Structures are given as C-alpha cells and as structure tokens.
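One structure below.
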C-alpha cells in the first residue's frame, strides 16, 4: 500500500477547503428575493431593499444626513432582470428612525431596472444588483446607485 506524501495530503486538504468556501449563485426571481437586504457604509451612507411576498418593494437610499424612500411593485422581466415600478417617494431629513408611512409624493414614469443575482456564501445570502436603467419622474437618474451593489440579507 502506497503511503501518502505530505504534498498529496496538502493538495487534498486545499481542494477540500476550496469547495467548502465555494459560492452558490443564481439569478434573482420571486423565490429568492423576498426579505430585507442592506448595505451600509460609514457616515450613514447605504441602501436598504425590502421585497414582500405580495410583490411590494421599498428602497431606501441613505445619504449621510437624509434619506430617500421609494415604494412600488417589483417583477422580473427576464431571468435575473429585476424591475421595480415606483409609485411613490419621499425625502426624510434623517437616516435613523425613519417614518416609512405617509407624506409620500406620487411618482410618474419612475422605475428601477437591475441585473439581479442572489449568492450564498459562508452561510450568508447576498444580492448583487447592477443598475441597468433608473428613471425618476421620467428623467434618467443613474447617479443614485453604484455600478455594483452587494446587499446582505437580514433576518430570515
């Protein structure tokens, strides 16, 4: 019987670790996006996306000393292409203890279109969003979002 060399054992253990840290990725769809997804930076910047099982969506942009809240309905146009049709929005002059009810302004011709992917790695779920089209009141508004947004799922 052949004895295993140190190099063979090292390679085996290395490959085993590679597979255990592998990430599972799939296009976003109705089965994997529901819930709360957050990305927060220093100085109160960041994003919060909430997708309900009733197709309602809420997007909050944290802008240091103010927040912009968008509400609407979400759907998937193609495999992994998330569309959020914005029906109302408002600005809050704070980033903590937001009032997400009442005082919204109706939005016209407003929607967000993202390439959406859900990733599971290290027992956590992440959503990667790449903005494709951002329209607010009929105007293109690409500056609202980064080129790649990686949100972490909060709760269950």
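Each value in this text was obtained by applying a stated rule to the coordinates, not by laboratory testing. If you're wondering where the values come from, they're calculated on a predicted model, not measured in any experiment. Neighbour counts run over all protein chains shown; Cβ positions are idealised from the backbone, glycine included.
Quick notes
- Once the Cα atoms are used to define both axes, helix 6-20 deviates from the longest principal axis of the chain by about 20 degrees.
- Helix-only [θ]222 nm of the chain, DSSP H runs n ≥ 4, -39500 (n - 2.57) each, per residue, nearest 500: -3000 deg cm²/dmol
- Mean separation of Cα contacts under 8 Å (6+ apart) over length of the chain, as relative contact order %: 20 percent
- Cβ crowding within 10 Å ranks 120, 53 as 53, 120, fewest other Cβ atoms first.
- Comparing 33, 59, 95 in a Gaussian network model of the chain, where Cα atoms under 10 Å apart are tied by springs, the biggest mean-square fluctuation is seen for 95.
- Of the residues 36, 115, 64, the one that moves most in a GNM of the chain with alpha-carbon contacts below 10 Å is 64.
- Gained length - residue 139 relative to residue 124, 0.36 nm times residue gap less alpha-carbon distance: 1.8 nm
- Candidate values [x] 22, 19, 16; [y] 34, 21, 13; [z] 39, 17, 13 were compared with semi-axes √(5λ) of the Cα gyration tensor in Å computed on the shown model; the agreeing label is [z].
- Here each label is just a point 7 Å from Cα along the line to Cβ, and for residue 56 and residue 38 those points are 2.0 nm apart.
- Estimated distance in nm for a label pair at residue 79 and residue 66, the labels positioned 7 Å out from Cα along Cα-to-Cβ: 4.2 nm
- Spin-label model, residue 91 to residue 31: label points 7 Å out along the Cα-to-beta-carbon direction sit 4.2 nm apart.
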